[in-house]
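Structure first, commentary second.
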Amino acid sequence: MTFARQLGFRADHRHSIGTEAVEQVITLCEEIRKEFPRSIFYLGQLVFENDRFYYRLLHNETAFAIQRRLQFAGLQAVVLPIRVLEPRKKKAKSQAA
């Protein structure tokens, strides 16, 4: 937010705690719309370099579910990819005997 404000943009944030993430986000977005009618909401979706079958179970489609609900409520929502790169493996040094 500091960076956005330094560029001259109006930026703010909110947070909420609850058991159902999608419902909490929708509630916050509707409150924000009352204060800032032209808001745009940005959501992050993890994208793994080497996908494993269990990643989809752990990192589900929450961002797209939120986007769908917001768009049907008349709010702008954009899902941005967040790349998750695997660390490079260190090469083993060969030992001369």
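Springs between Cα atoms under 10 Å define the GNM used for the chain, and in it the highest mean-square fluctuation of GLU86, GLU23, GLU61 occurs at GLU86. Calculate, for TYR54 and ARG10, the FRET efficiency according to 1/(1 + (r/R0)^6) with r their C-beta to C-beta distance and R0 41 Å; round to the nearest 0.05. Computed FRET efficiency for TYR54 and ARG10 comes out at 0.50.
For every helix of n ≥ 4 consecutive DSSP H residues, a contribution of -39,500 (n - 2.57) applies; sum these over the chain, divide by its total residues, and give [θ] at 222 nm rounded to the nearest 500 deg cm²/dmol.
Details: 4 runs with 35 residues, N = 97.
My calculation for the chain gives -10000 deg cm²/dmol from helical runs alone.
Provide the three semi-axes, in whole Å and in decreasing order, of the ellipsoid equivalent to the range 1-91 as defined by the square roots of 5 times the Cα gyration tensor eigenvalues.
29, 19, 11
With a Förster radius of 22 Å applied to the beta-carbon distance between VAL47 and ALA21, the computed FRET efficiency rounds to 0.70.
The numbers here are math on the coordinates, done by the rules we state, and not lab data. Values in this document were obtained by computation on a predicted structure and should not be read as measured data. Neighbour counts are summed over all protein chains in view; Cβ atoms, including those assigned to glycine, are modelled from backbone coordinates with ideal geometry.
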